[in-house]
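The values are calculated or read from the model by the stated rules, or taken from the named source; none is laboratory data. Just so it is clear, the model here is predicted, and its values are computed rather than measured. Here the Cβ is made from the backbone with ideal geometry for all residues, glycine too, and neighbour counts use every protein chain on show.
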């Protein structure tokens, strides 16, 4: 995890509450167990992100390392996060959520390992 100083410099590592619009079948089966609003939050870590969501009284997490993380900005105010065959599409209707996804993309770009073409 990030140190307190790093968290302060990054102006926070956690997202606000994000509404889930669509998911892969495995995650959808977990979310269908209760009738609550499907929401999640995203936490940045030095080597990846953690997407946490709740179903019934259990908390589930999808851990995505940066090298497997793919983020697409789809329709208006929708972001898609992919890892292998898992995906979560979330609503990004506020500036805070859009700013957080930009922070993730910038951090991922700054910390990618050097590719052979860059040498």
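Structure notes:
- Each residue in region 66-119 was checked for being over 17 Å from residue 13 (Cβ atoms), in contact (Cβ under 8 Å) with a residue 24 or more places away in the chain and in contact with a helix residue (DSSP H, G or I) (Cβ under 7 Å, 6 or more places away or on another chain), and 3 of them qualify.
- Complete set of residues in region 1-19 that are surrounded by 14 or more Cβ atoms within 10 Å (Cβ to Cβ), farther than 18 Å from residue 95 by Cβ and touching a residue at least 40 places away in the same chain (Cβ under 8 Å): 2
- Condition check for residue 82: part of a helix (DSSP H, G or I) and surrounded by 13 or more Cβ atoms within 10 Å (Cβ to Cβ): no
- Applying the criterion of being free of Cβ contacts under 8 Å to residues at least 60 places away in the same chain and part of a loop (DSSP other than H, G, I, E, B) to the residues of region 20-43, the residue that is surrounded by the most Cβ atoms within 10 Å (Cβ to Cβ) is 38.
- Tally of residues being surrounded by 15 or more Cβ atoms within 10 Å (Cβ to Cβ) and within 15 Å of the chain's Cα centre (by Cα) across region 51-65: 6
- The requirement of being touching a residue at least 24 places away in the same chain (Cβ under 8 Å), within 19 Å of residue 101 (Cα to Cα), surrounded by 11 or more Cβ atoms within 10 Å (Cβ to Cβ) and touching a helix residue (DSSP H, G or I) at 6+ places or on another chain (Cβ under 6 Å) is not satisfied by residue 46.
- One residue from 68, 108 being surrounded by 11 or more Cβ atoms within 10 Å (Cβ to Cβ), modelled with pLDDT under 95 and in a loop (DSSP other than H, G, I, E, B): 68
- Any hit, region 4-21, residues being at pLDDT below 95, out of contact with any strand residue (DSSP E or B) (no Cβ under 8 Å at 6 or more places or on another chain) and closer than 27 Å to residue 115 by Cα: yes
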